[in-house]
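Have a look at the structure below before the remarks.
Bear in mind these aren't lab numbers, they're just calculated from the coordinates by the rules spelled out. As the structure is a prediction and not an experimental result, all values here were calculated from the model. All Cβ positions, glycine included, derive from the backbone under ideal geometry; neighbour counts span all protein chains shown.
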Amino acid sequence: MSALVHDFPFDPAYGFTLPELLDVAPPPAPDDFDAFWRDRWDAAARVTPEPWVGPLVEERTDGRVYEVSYASASGRCGGWLVLPPEGEPVRHGFVIGHGYGGRDGVGDALPLPLPGSAALLPCVTGMPVRGLRAEVPSSAERHVLHGIGDRDSYVIGECVADLWGAASALTELAPGLAGRGRLGYLGESFGGGLGALALPWDERFGAAALTVPTFGHHPLRVTLPCVGSGEAVRGVLRAGSGDVAARVMGVLGYFDAAVAAGRVGVPVLCAPALFDPAVPPPGQFAVFNGLGGERELFVLSAGHFGFAGEAEERGRLAGVVEAFFGRWLGARG
């Protein structure tokens, strides 16, 4: 498509062509990256989810929506549960992440990619409206910095645990979904980055779709201006001493979605964008390029930016997502 007209003081394509984006390799991993995440997963897996399901919120032809809450390694999380229409059995399951603004309902998550599906849509730690915590900032610019001085206190780790907790709650509510490879994951932007970090360690997920994923290639990302949460991280690095910058970059190494992607063994459909003022495209493509298993690419013209033809492009992506999960999860229902 022709160049997008914008008024940002930087180029949201960052001068990269598609072939150049496809050459962006993930950065090196910390030596104990795998051990760190396996320990986090082990702790999360020991939590009994204790799901609570509220009254019916909305009934649609493509599903019934309920409020839900569950226990996570980070505390109690809220969200929404989607079940198939009355009388239809649960054959498939999805955990659906959200962007860096939280969610106040199921939004455009319905219809789900496969018929006969249940889904849990969590609000992760600190995020509106059902993940709010008194001690955790809810704005993206402050949330992304919460606990960033230490890998064990960084809030992003708690958010990843919330996705694992959502899977535990969903499989307890729909026991037929329990087992290896029975769940799908969907996540966009913030939810895409969290998904890449969560997937390698949880064998309950059998396929995933990550759209404009964030947290990819932090060493490169912090060199690129943006209007998203990454700019808040850049601000800390600019304002801090050399010791502060080194400590923050050390922590970010454990939360790099492109590094985690290399550990993902299940099929992933990745939809990065060529132009994105909030999540720089080189980081998005680093996630796709790093994927360690079967992978599929759908290139978006832009992310976090409206343009002529966006609705049609998103419609095509929805069809690709449906076909993708039909191939990889459909036969397991």
Between the alpha carbon centres of segment 1-70 and segment 100-132 the gap in Å comes to 12 Å
I need the shape label for segment 233-333. Rule: rounded when a/c is under 1.5, else prolate if a/b > b/c, else oblate, with a, b, c from the alpha carbon gyration tensor.
oblate
Helix 310-328 versus the longest principal axis of the chain: what angle, 0 to 90°, nearest 10, using Cα atoms?
60 degrees
Cα pair count fraction exceeding 32 Å, expressed as % - the chain:
23 percent
How would you rank 285-293, 228-236, highest first, on the average number of other Cβ atoms within 10 Å across their residues?
285-293, 228-236
Classify segment 1-131 as rounded, prolate or oblate from the Cα gyration tensor: take a ≥ b ≥ c as the square roots of its eigenvalues, call it rounded if a/c is under 1.5, otherwise prolate when a/b beats b/c and oblate if not.
oblate
Students often check this: by mean Cβ neighbours within 10 Å, which of 164-174, 107-117 ranks highest, and how do the rest follow?
164-174, 107-117
If you count, for each residue, the other Cβ atoms within 10 Å and average over each peptide, how do 142-153, 55-66 line up from highest to lowest?
142-153, 55-66
Among L81, P27, P280, the residue whose Cα sits farthest towards the positive end of the charge dipole of the chain, when +1 is placed on the Cβ of each Lys and Arg and -1 on the Cβ of each Asp and Glu, is L81
Quick one: putting +1 on the C-beta of Lys and Arg, -1 on the C-beta of Asp and Glu, what dipole do you get for the chain around its Cα centre, in Debye to the nearest 20?
420 debye
Tensor-based shape of segment 216-260 (alpha-carbon gyration tensor, a/c under 1.5 rounded, otherwise prolate or oblate)
oblate
Please report, in whole Å, how far the alpha carbons of segment 60-126 spread along each principal axis, starting with the longest.
34, 22, 16
Nearest 10, in degrees from 0 to 90: the angle of helix 155-173 to the longest Cα principal axis of the chain is 20 degrees
